[in-house]
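*Asks:* Would you mind keeping the following structure in view while I ask a few things?
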Amino acid sequence: MLEVRQQYTFYGVLLYVASTIFVLHLAMWEPEGPVWKGLFWMMMLFICVNAVAKSFLQEGKERLLYFYTIAGARDFILSKLLFNALLMVVMSLLSVGLFLLMLGDPTTQVWLFVLLSMLGGFSLSLVFTFLAAIAARAQQSSALMAIMGFPLVIPQLLLLNKASTVAFENVLQGGFGSMILLIIGLDVLLVAMAIILFPFLWKD
Amino acid sequence: MLRQKWWKIVCVILLLYTVVAGFLGSVPAEPILNETIRNLYFHVAMWMAMMITLTVSVIYSVKYLRTNKHVYDIYALEYAKTGILFGVLGLITGSVWARWTWGSFWSNDPKQLGATIALLIYLAYLVLRNSMTDLDKRARIGAVYNIFAFAMLFPTIWIVPRMVDSLHPGGMGNSFNIEMDPRLREVFYPGAIPGWTLLGVWITTLRIRLQLVAERRHP
């Protein structure tokens, strides 16, 4: 993919992550568990908007035409989804690491939280990839991303936030398994919708 | 069939029946709910009408993507607008009800939040459509987003609010888990749901006709 060649975006997002967490570190020092968790998911949301939204919005008309000639719509959206998902998994690993380093460690089950954050990054990237594909066709696309994106990710963020409480407590809560299943189900639904609907967006 | 008159008369009769029987008929006295149980005929039935009109809207969106006929796009848009109207009404009747049972109009209950998020997703549909000027493009992208929004409606309204504690009847901590009383059934199923749905269809067909006439005048 061409994205690998545009490394400056990747490093840009990386710098964004690092500096935001550093500012949080200066502002908050070592926050309590719930605050830590809330800050983390908000961070993930903004990283996702920054990293994934670029994938469609930055492509010029000519380059989209080029992609159109070399690949089918399904392959194209699948590769975009895959690339962004990988990117977000890497980003979420990095930000968990930085969070633990700079804001202290209020969790009791760190590895569980790492896994959850990877799942969260993965599902957020799916939503935003598809939304970016829609918004890229309209004018003022970055404002539209915000309008369409935020209501759509609220349920996901709420679920993730609730699921990740488990990593902060020793007592295992009920309903954890079904929440994880629901998040995964939502991901499957999103991928299916993207594959079915993207060909209609593509022909222009 | 939709050009005929009989179903509009049926709609008026059903709604009259709903309002009269809803306010005057006898209802079972449940603890906590008491007389506010009458809101079943308005609030719950309006959500049902919303689900039905939004479903119709999605069906027309799919039809548009298959055939590329411009009328289907207008149908989908107007049904979605009516759905949003019923959603807003459902939210208002719900919070009036909440004033008398929970003590305040708005208490950040998961159900209220879920419904608000769902409405925001649909309002974004209208914004998205207005942001494009090209007719074909607007119709196609609108249809894609409409299908997507409908898919997201299920987690926000039906699944997520059920997984967290809620004061809403049907959830935990309230008395309405039991079977619906036959006296309520008599009004709810034959009267309220079809009544409000038919009203929605009526509004929508009027708006669709208006839209078609307006487009014929300014092609």
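*Asks:* Among the residues of the stretch B:152-167 satisfying the criterion of being at pLDDT 75 or above and surrounded by fewer than 19 Cβ atoms within 10 Å (Cβ to Cβ), which is nearest to residue B:36 (Cα to Cα)?
*Replies:* So the residue we want is B:158.
*Asks:* I need the helices (runs of 4 or more DSSP H) fully contained in the stretch A:1-86, keeping only those with at least 1 residues that are modelled with pLDDT of 85 or more and crowded, with 19+ Cβ neighbours inside 10 Å.
*Replies:* A:7-28, A:33-57
*Asks:* Another question, then. Would you mind stating whether residue A:94 is within 14 Å of chain B (Cβ to nearest Cβ), part of a helix (DSSP H, G or I) and in contact (Cβ under 8 Å) with a residue 40 or more places away in the chain?
*Replies:* Spelling it out, it is not the case that residue A:94 is within 14 Å of chain B (Cβ to nearest Cβ), part of a helix (DSSP H, G or I) and in contact (Cβ under 8 Å) with a residue 40 or more places away in the chain.
*Asks:* Go through the stretch B:131-145 and give me each residue that's more than 7 Å from chain A (Cβ to nearest Cβ) and closer than 14 Å to residue A:135 by Cβ.
*Replies:* B:138, B:142
*Asks:* Let me ask another. Output the residue which, of all residues in the stretch B:90-142 that are among the hydroxyl-bearing types (Ser, Thr, Tyr) and either touching a His at 6+ places or on another chain (Cβ under 7 Å) or crowded, with 21+ Cβ neighbours inside 10 Å (or both), is farthest from residue B:215 (Cα to Cα).
*Replies:* B:93
*Asks:* Give A:100, A:144 a once-over and let me know the one that is in a helix (DSSP H, G or I), away from every other protein chain (no Cβ under 14 Å), of a type in the set (A, V, I, L, M) and over 21 Å from residue A:83 (Cα atoms).
*Replies:* Result of the check over A:100, A:144: A:100.
*Asks:* Looking at the stretch B:89-129, which of its residues are more than 14 Å from chain A (Cβ to nearest Cβ) and among the basic types (Lys, Arg)?
*Replies:* Residue satisfying the conditions is B:99 alone.
This table checks each residue for (1) modelled with pLDDT of 90 or more; (2) not in a loop (DSSP other than H, G, I, E, B).
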{"site": "B:125", "(1), (2)": "yes, yes"}
{"site": "B:137", "(1), (2)": "no, yes"}
{"site": "B:145", "(1), (2)": "yes, yes"}
{"site": "B:174", "(1), (2)": "no, no"}
{"site": "B:206", "(1), (2)": "yes, yes"}
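*Asks:* How many residues does the stretch A:138-148 contain that are surrounded by fewer than 22 Cβ atoms within 10 Å (Cβ to Cβ) and in contact (Cβ under 8 Å) with a residue 60 or more places away in the chain?
*Replies:* Qualifying residue count, the stretch A:138-148: 3.
*Asks:* Restricting to the stretch B:146-161, give me the number of residues that are more than 7 Å from every other protein chain (Cβ to nearest Cβ) and touching a helix residue (DSSP H, G or I) at 6+ places or on another chain (Cβ under 8 Å).
*Replies:* Adding up the residues that qualify gives 6.
*Asks:* So is residue A:126 away from chain B (no Cβ under 14 Å), assigned to a helix (DSSP H, G or I) and either modelled with pLDDT of 80 or more or surrounded by fewer than 19 Cβ atoms within 10 Å (Cβ to Cβ) (or both) or not?
*Replies:* Judged against the criteria, residue A:126 is not a match.
The values are calculated or read from the model by the stated rules, or taken from the named source; none is laboratory data. Since this is a predicted model, take the numbers as computed values, not measurements. So basically every Cβ, Gly included, is an ideal-geometry build from the backbone, and we count neighbours across all protein chains shown.
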